[in-house]
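Okay, structure first, notes after.
The values are calculated or read from the model by the stated rules, or taken from the named source; none is laboratory data. Since this is a predicted model, take the numbers as computed values, not measurements. Methodologically, a virtual Cβ is constructed for each residue, glycine included, from the backbone with ideal geometry; neighbour enumeration extends over all protein chains shown. For accessibility, only protein heavy atoms count, side chains too; no ligands or nucleic acids. Shrake-Rupley method; radii C 1.70, N 1.55, O 1.52, S 1.80 Å.
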Amino acid sequence: MGNNEIRRLCIAEEGEKAVLQGNIAFAVGCVRSGIHSADGYPGTPSTEVIDRGLSRVQDMIKVGWSVNEAVATGVAFGHTLAGEDSVVTMKIPGLFQAGDLFTSSALFWEKRGALIYFIASDFTPSSTQHVIDPRYIFRSCMVPVFEPRNHQEMLEASGLAADTGRRYNTPVVVFASGTLCHSEGLVTLKSLEERDVLDIPEDLKKFNLLPPIARVNYDTVMAERMPGLEKMVEESPLNYWIRGSGKKGVITYGINTAYVKEVREYYRGDFDILSLAFTNPLPERLIREFCDSIEGDIYVFEDGYRFVQEAAERLGLKVMGKERHSRITEWSPALVAEKMGYGVRKKEFKIEPVPRPPMICAGCPYRLFALEVARLRKRNKIEAVFGDIGCNSLLYFMGALDTGLAMGASDSKRQGFVLSRPEMAARCMSIIGDSTECHSGLDATRNAVFRNVPGIKVVLDNYWTAMTGGQPAPSSPVNLAGEEVRFDLTRALESNGNRVLEVSGYERKEIRKALKDGLSLAEQGEFVVIVVKGSCINKVPGTRKGVRLRINMEKCDKCHICLICPGIEEGQQGFPLFNNLCSGCAGEHPACMQMCPFDAMEYLEEDDGSPGAEARFPEPPEITMGPFDRSVLPDRLSLAIRGVGGQGNLFFGRVLTQLAFLAGYGEENIVKGETHGMAQLGGPVISTFSCGKVHSPVLFPGNADCLITMEVSEVLRPGFLELLKERGTLLMSKTSIVPQVITPDEYPELERIREGLRGLKIVEVDALGSAIEIGDKTGRVANVVMIGTLSRTEPFDLFPTDLWLQAISKVTPNPVLWAANYAAFMAGRALI
């Protein structure tokens, strides 16, 4: 979503409808409700609030990234002392990083601006290192916690939180499910608000935590804030009770409300639902009243641990939820149905799905370093590698990293290990990324000097917070405001008193020498930091990327030593082949070229028609949409798309949401779910789409009108085929992507997959081949080819062709890309 669209949504008229990602809905809601400032640290699934939302309207709200969550919390707290209402964003591990400030600031009760914590959960987890439930901390800190249930409540959450914070002089937590953060749903814009900036508190000394003041704070909160909050949650109109016959009941909150409603409607279930808006404090009288009204079983559905279930049990209420040692941390419509005794369709494949661990990107500056470390490990020169959080953690899948714990912890782990086993100082190392070093890793660097612990620390410096999408860090050239950053990471490391070796991530010989020198110095008792530099490939301009090499077949020995990257694979007759993922190492010294022992790789001549050359497509005709009969469309539509990270699932979903909106489904509901985080880096990705009488971004088995696989083996993923209706259609791309962790011989044969799909309505589509055939040598519009094929598939063929084209054009503002997408869509239609 572009800058102009975010701005337009922030000032649009009340009543306008839009389909927004949950994080974007929250961001737009911050501006529309008059929040004055926002701060945070990138962390999936919370990042987009600032990155793709508030950062694009910096003239409407003060916003910035800080070096870590604790600092961001302090910045936000400072805003509140200046009288402003302020939001601070983070994921659950970020809350724990900011734990001292969160707990210490919780009990101030003097009047000031509202402090709103936007904390995104990830209880799967998809991109988080643990599934610890923080609700118990929230409760002990006596802060109110609002848990949005849908995208509309995400839009309205910041205004509600600010009002609550000002009224009760308390910080407020908006605790949002990661599923809700990253799915899209229909919202209706509310009125624009302006909030006064409060006066600076008369006595700032009351915002001190000397022990006598802390005692007074606690006593005051217990005497005044908590009784007021308890009365508020009991009377809140945001709690709602969906009445049934009273035979069965469900207590739930957050995104689980959507799952429960989906099950109730699918089975026409006769049970009452009590959906809670706040999980701290809990409306205990309302919960008791609900339980007293139910004759039979009462279920509790909640993510995380068993917070509400245990609270109900403490009240002496008999409820059914998770078992004491349940492995469920997130429910789904299917799991809810099973728990309540409804039958759920299941289909099992006898073929194991292809393993697809997330991998570093094609052309990543970390690759040569990882290969050199793996080589040293095979030679027993290095026995342990202590890793961190971020892109560096993906070196685990390359045999170049062992442990991972928390942000900034890599070298402190190494130090403890070496202090216990001094003889290992030159046989181990730590690895951390530049943004994580700035986040909290520099503390460990200073500690190594302070404690005089010899060894090697490696900082992989790609200049950005890359894992979460390339947000600026102190090591970046500019900050969020576009201002030049004067911080110099290498000089900061040198200022600690340790030796620093700096090398290019694209020069194998430099890396090898630095590692050799570092191990030698470590053996002599020195602490050495090696900085490996090279920009994140996704931040490099497209003009510097693309295939730059060709294979000299006369020199090539087909040894395949060069097959080190997703951008190069074994082609016809066994020769290496550069594919559509090749980035040309961003104009740097190509990594694969440095691996070849036969000098069989040569630079291309310009304009030789290589796959890196940009295709040109004719200008599409003007799209005009006349009236059409909306009544022919179904009451609800659903589909799911599986593929591999980088195949364009997210764009596919954006087109579908626009199509549904244009077709009038905005009068009911439009919901889209998608995978974010590590799974996108070459891992398995799923996107879902529903419109009409729908609630959940997670599909219920037997509900999908169509299933689509952009990569043929992805149909094998557990639970995928179960989603298809009895007479639904499976659109299966013939594209196969063999991950680097297996050989081509280990990849399942197409005939075996077809055999397992016998009895289903299947349409096989050569989407990649069709994209290449029309002139897109990169194959990047293969997803749009598949969209064209879908437009000829029941029941999606009920949408007029021009409506499909209008939807595609709305999400493709670039004229060159629109021309390519138009050609790809029409090519896809021709395949059926």
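If the only charges are +1 at each Lys and Arg Cβ and -1 at each Asp and Glu Cβ, what is the size of the charge dipole of the chain around the Cα centre, to the nearest 20 debye?
Working: 91 positive and 105 negative charges, 301 e Å.
For this selection, approximately 1440 debye.
The range 1-70 and the range 149-175 have their alpha-carbon centroids 15 Å apart.
In this Cβ point-charge picture (+1 for Lys and Arg, -1 for Asp and Glu), the range 168-303 has a dipole of about 180 debye about its Cα centre.
Spin-label pair VAL763-GLU235: with each label point 7 Å from Cα along the Cα-Cβ axis, the two points sit 5.8 nm from one another.
Accessible area per residue, 1.4 Å probe, Å², for the range 388-485: what's the number?
Working: 3490 Å² over 98 residues.
I get 36 Å² per residue for this part.
Choose one of GLY40, VAL738, ALA426: the residue whose Cα lies farthest towards the positive end of the charge dipole of the chain (beta-carbon charges +1 Lys, Arg; -1 Asp, Glu; about the Cα centre). Sorting the options by dipole projection puts first ALA426.
If you add up the charges near GLY648, with Lys and Arg at +1 and Asp and Glu at -1, over every other residue whose beta carbon is less than 14 angstrom from its beta carbon, what do you get? Don't skip to the end; give the middle numbers.
Values: positive: ARG642, ARG654, ARG780; negative: GLU674, GLU711, GLU714, ASP776.
So the surrounding residues net to -1.
Using only side-chain charges placed at the Cβ, +1 for Lys and Arg and -1 for Asp and Glu, the dipole size of the range 1-160 relative to its Cα centre rounds to 40 debye. For the range 763-831, would you read off the P(r) tail past 21 Å as a percentage of all alpha carbon pairs? Percentage above 21 Å: 19.
Taking a ≥ b ≥ c as the square roots of the eigenvalues of the Cα gyration tensor of the range 437-554, is the shape rounded (a/c under 1.5), prolate (a/b larger than b/c) or oblate? Walk me through the intermediate numbers first.
On the way: a/c = 3.02, a/b = 1.26, b/c = 2.40.
Judged from the Cα gyration tensor, the range 437-554 comes out oblate (a/c at least 1.5, b/c at or above a/b).
Could you state the accessible area per residue of the range 508-562 in Å², with a 1.4 Å probe and every protein chain left in place? Please report the intermediate quantities before stating the final value.
Numbers: 3070 Å² over 55 residues.
Value for the range 508-562: 56 Å² per residue.
Indicate the gyration tensor shape class of the range 696-832 (rounded, prolate or oblate), computed on the Cα atoms with a ≥ b ≥ c the square roots of the eigenvalues: a/c under 1.5 is rounded; otherwise a/b larger than b/c is prolate and the rest oblate. Oblate. Solvent-accessible area of TYR259, all protein chains in place: 10 Å² (probe radius 1.4 Å, heavy atoms, ligands and nucleic acids excluded).
Given LYS91/LYS231; LYS91/LYS206; LYS62/LYS810; LYS378/LYS516, which pairs have Cα atoms separated by over 20 Å? From LYS91/LYS231; LYS91/LYS206; LYS62/LYS810; LYS378/LYS516, over 20 Å: LYS91/LYS231; LYS91/LYS206; LYS62/LYS810. Of the residues ASN538, ILE772, ASN217, the one whose Cα sits farthest towards the positive end of the charge dipole of the chain is ASN217 (charges of +1 on Lys and Arg Cβ, -1 on Asp and Glu Cβ, taken about the Cα centre).
Once the gyration tensor of the Cα atoms in the range 519-599 is diagonalised, the equivalent ellipsoid follows with semi-axes of 30, 20, 10 Å, ordered largest first.
In this structure ARG375 has an accessible area near 60 Å², from a 1.4 Å probe over the protein heavy atoms. The helix-only estimate of mean residue ellipticity at 222 nm for the chain, built from DSSP H runs of length n ≥ 4 each weighted as -39500 (n - 2.57), is -9000 deg cm²/dmol after division by the residue total.
Where does the Debye-calculated log10 I(q)/I(0) of the range 339-490 sit at q = 0.08, 0.15, 0.19 Å⁻¹, using only Cα point scatterers of equal weight, no solvent? Debye intensities relative to I(0), on a log10 scale: -0.31, -0.80, -1.14.
Shape annotation for the range 624-772: C-alpha extents along the principal axes are 52, 34, 31 Å, from largest to smallest.
For a quick protection proxy, order the peptides 623-635, 96-108, 569-581 by their average other-Cβ count within 10 Å, most packed first. Before the final figure, lay out the partial values.
Values: 623-635: 10.8, 96-108: 19.9, 569-581: 16.0.
Final packing ranking: 96-108, 569-581, 623-635.
Using C-alpha pairs below 8 Å separated by at least 6 residues, the relative contact order for the range 114-256 is 31 percent. Cross-link partners for LYS190 among the lysines, with Cα-Cα distance under 20 Å and sequence neighbours closer than 8 places in the same chain left out: LYS17. Relative contact order for the chain: 10 percent, from Cα pairs under 8 Å spaced at least 6 residues apart, divided by residue count. Projected onto their three principal axes, the Cα atoms of the range 14-56 cover extents of 32, 23, 14 Å, largest first. ASP85 sits among other residues whose Cβ lies under 15 Å from its own Cβ, and their net charge, with Lys and Arg +1 and Asp and Glu -1, is -1. Restricting the GluC sites (Glu not before Pro) of the range 697-762 to loop positions (DSSP other than H, G, I, E, B) with no more than 13 neighbouring Cβ atoms within 10 Å leaves GLU749. How would the range 356-430 be classified by its alpha-carbon gyration tensor: rounded, prolate or oblate, with rounded meaning a/c under 1.5 and the a/b versus b/c comparison settling the rest? Here the range 356-430 falls in the oblate category. The radius of gyration of the Cα set in the range 33-164, together with its Dmax, comes out at 13.8, 39 angstrom. Of ASN462, VAL478, VAL449, whose Cα points farthest to the positive end of the dipole of the range 422-488 (charges on the beta-carbon: +1 Lys, Arg; -1 Asp, Glu; origin at the Cα centre)? Highest projection toward the positive end goes to VAL449. How large, in percent, is the carbon and sulfur part of the accessible surface of the chain at a probe radius of 1.4 Å? Carbon with sulfur: 50 percent of the solvent-accessible area.
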